[in-house]
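Shown next, in structure tokens, is the structure this report addresses.
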Amino acid sequence: MKKFTQTTNVEFGPRVKKAFKDVGLGVALIGFALMGIFWNEGNSVKEVRALDEGAGVVVPLTDLTPSAENEGALVHINGSLALDRKLADTVLGIEGDAQTVRLERKVEQFAWIEETHTSTKTNAGGSQDRTTNYTYRMAWTDSPESGASFYVSEGHENPPAPIRSNTRRHKTGQIGGFMVSEGVGDLGGSEQMILTQRQADVITAALNPDRAAHLIAGVVQFSEDIHDPQLGDLRISYFTSDIEEASAVGKQDQGMLVPYMAQNGTTVFLLEEGLQPADQMFETAQAVSRHKTWVFRVLLLAMMFIGFKALLSIVDVLASAVPALGWLTSKLTTLIAVTLTVLIGGGVMAIAWLLVRPLVSGAILIGVLALAAVVGAQVRRKAQTTPSQSL
């Protein structure tokens with residue numbers, strides 16, 4: 001492991017100029033966050049309505065043969081999944097089983113990795129000392145960098161990997177007399193394929209490496225000494241998802257199952273591993289939709305908070321001329337940014353759900369007001385204590 005340190009001094013004037021530029025950045029981030037929240041909540045509302053509509057009209061089929069009476073209808077089927085061929089990694093000659101819907105090749109290289117940690121110290125007068133520690137160590141990684149962009153590139157160059165990770169998926173599959181049109185390759189979780197000696201020999205012949213090949217717990221490693229890997233050594237493993245049975249909800253289009261278009265223009269197409277009833281599939285889809293909505297909510301609220309912090313950064317920089325006052329002001333502007341984020345972001349969310357789910361809208365609004373009250377109390381307390389603490 002190697003360590004390097006870089007310390008730079010940023011004067012007060014340049015910090016003020018950058019803070020004024022950050023005001024514009026803050027406005028842009030807040031604007032993007034607001035548009036994103038409107039889109040996310042609107043899209044979530046549309047998905048809820050589409051899934052509610054689908055759950056009300058879906059036709060469960062026991063006969064897995066397409067019929068004229070169900071043409072164009074939203075149908076539910078489940079049964080054995082048939083695939084038209086075996087997935088194969090033709091580059092290295094590895095083949096999946098008959099029921100493999102996804103074949104993943106993972107290639108790791110023993111390479112240099114750069115890790116950075118930056119700390120900032122504010123001095124009297126508003127200047128800052130920024131110290132960055134760079135640590136270099138060699139480890140196994142499936143995304144090695146060349147080393148050219150490292151702070152200290154000399155002595156930390158990584159050789160180009162002869163092959164990279166790759167994933168192959170089935171696009172379609174057959175359930176009874178229905179061809180499922182999409183999503184088959186995303187079914188199930190991945191489990192490691194335990195490579196045999198024959199498969200290890202096939203991989204070795206395809207790569208023709210300049211290092212000895214070793215088979216360790218189903219993984220092929222190209223190293224002269226497996227206990228002491230060196231720069232450029234490779235490790236290759238495979239992961240598969242094997243699916244025997246599947247369930248699907250979609251529109252019958254002759255002999256295919258395709259996405260169903262709800263009245264609001266949102267498509268409905270559900271596909272799961274195993275024999276799942278229609279009602280359970282729709283409940284799962286609603287849960288997935290809620291989870292996705294919350295992920296975007298958190299990301300967009302974080303963007304809005306960063307925007308408000310950037311907007312208030314000029315206050316932080318000006319106050320930092322007196323280090324103790326700068327620290328307290330930074331805490332205060334953080335609380336203000338949190339309050340504005342909760343009020344504005346949460347308010348937009350509540351409005352979006354008002355007509356579709358009044359109870360959800362009310363719950364969001366109550367949560368927003370409660371959190372805003374708590375944060376507001378913290379802001380007032382900070383505002384009251386800041387003057388006396390800064391003397």
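The values are calculated or read from the model by the stated rules, or taken from the named source; none is laboratory data. From a predicted model like this one, the values you see are computed outputs, not experimental measurements. Every residue, glycine as well, gets a Cβ built from its backbone with ideal geometry; the counts of neighbours run over all protein chains shown. The accessibility values were calculated without ligands, DNA or RNA, using every heavy atom of the protein model including side chains. Shrake-Rupley method; radii C 1.70, N 1.55, O 1.52, S 1.80 Å.
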- Which one of VAL288, VAL268, VAL368, VAL356 is at pLDDT below 85, out of contact with any Lys or Arg (no Cβ under 8 Å at 6 or more places or on another chain) and of a type in the set (Val, Ile, Thr)? VAL368
- Please enumerate the residues belonging to segment 225-249 that are in a loop (DSSP other than H, G, I, E, B) and farther than 24 Å from LEU275 by Cα. ASP225, ILE226, HIS227, ASP228, PRO229, GLN230, LEU231, GLY232, ASP233
- Which residues, taken from segment 36-62, are more than 30 Å from LEU301 (Cβ to Cβ), surrounded by fewer than 16 Cβ atoms within 10 Å (Cβ to Cβ) and free of Cβ contacts under 8 Å to residues at least 40 places away in the same chain? GLY56, VAL57, VAL59, THR62
- Task: Could you please give the count of residues in segment 105-135 that are assigned to a strand (DSSP E or B) and over 23 Å from ILE226 (Cβ atoms)?
- Result: 17
- Task: Please list, ordered by first then second residue, the pairs with beta carbon atoms under 9 Å, 6 or more apart or interchain, first in segment 169-189 and under 14 Å from PRO66 (Cα atoms), second of a type in the set (D, E, K, R).
- Result: GLN174/ASP84; ILE175/GLU245; GLY176/ASP63; GLY177/ASP63
- Query: Within segment 19-30, how many residues turn out to be in contact (Cβ under 8 Å) with a residue 60 or more places away in the chain and open to solvent by 30 Å² or more (accessible area, probe 1.4 Å)?
  - Reply: 7
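Conditions tested, residue by residue: (1) of a type in the set (D, E, K, R); (2) at negative phi; (3) part of a helix (DSSP H, G or I).
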position: GLN6; (1), (2), (3): no, yes, no
position: LYS18; (1), (2), (3): yes, yes, yes
position: GLU47; (1), (2), (3): yes, yes, yes
position: ASP63; (1), (2), (3): yes, yes, no
- Message: Going residue by residue through segment 323-333, is there one that turns out to be open to solvent by less than 60 Å² (accessible area, probe 1.4 Å), at pLDDT 80 or above and either outside any loop (DSSP other than H, G, I, E, B) or of a type in the set (Val, Ile, Thr) (or both)?
- Response: yes
- Note on the structure: In the set PHE305, PHE282, the lone residue that is under 30 Å from LYS17 (Cβ atoms) and among the aromatic types (Phe, Trp, Tyr) is PHE305
- Any idea which of (1) part of a helix (DSSP H, G or I); (2) exposed (fewer than 14 other Cβ atoms within 10 Å of the Cβ) is the one ALA206 doesn't satisfy? (2)
- Failed criterion for GLN128 (all others in (1) surrounded by 12 or more Cβ atoms within 10 Å (Cβ to Cβ); (2) within 30 Å of GLY274 (Cβ to Cβ) hold): (2)
